[in-house]
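Structure record follows, encoded as structure tokens.
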Amino acid sequence: MFELDSTIENKVFFYREVKRILEKEGYALGGAWEYDHGYFDYKLANDDGYHFLRVPFHSLKGEIENENAVIKMDKPYILTHRYQDDVDAYAESSVIQASFNQFQTPVEKDADIPTSYIEKGKIVLENLEVLLEQI
């Protein structure tokens, strides 16, 4: 994990406005969200693992996905997950197999992050800061 300083940290927004803007830019609500906090993830690359910018937030008022929820942005960071690259000798290519593989355990949940992805993440975050300043 590589934390990034950002002008959006500690800023307060309506969840629906942030979600609308971020989804247009290619961010997705991370699968580990709860009713009181969550993460917007932007995939930087998926070579030799997944590299992404994660923008965490928590609710100040209301539950996430509620029309009037108010959120506060937390410190963004870049994260790399390296997944197993070996293939099960008995695995068959199918939709069912693929649906299970997406949940495979990372070999390294917090792997080293290549410098190029740190730089790319900083640029993506700067663009996000500009977009959220307009709210």
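The values are calculated or read from the model by the stated rules, or taken from the named source; none is laboratory data. Keep in mind it's a predicted model, so treat the numbers as computed, not measured. Glycine also receives a Cβ, built like all others from the backbone with ideal geometry; neighbour counts cover every protein chain displayed.
The set of residues in the stretch 51-89 that are at pLDDT below 95, crowded, with 16+ Cβ neighbours inside 10 Å and more than 14 Å from Asp41 (Cβ to Cβ) comprises Ile64, Arg82, Tyr83.
Whether a residue is in contact with a strand residue (DSSP E or B) (Cβ under 9 Å, 6 or more places away or on another chain) and free of Cβ contacts under 8 Å to residues at least 24 places away in the same chain was assessed, and Asp41 passes this test. Within the stretch 5-48, being surrounded by 19 or more Cβ atoms within 10 Å (Cβ to Cβ) and in a loop (DSSP other than H, G, I, E, B) holds for Ser6, Ile8, Tyr27.
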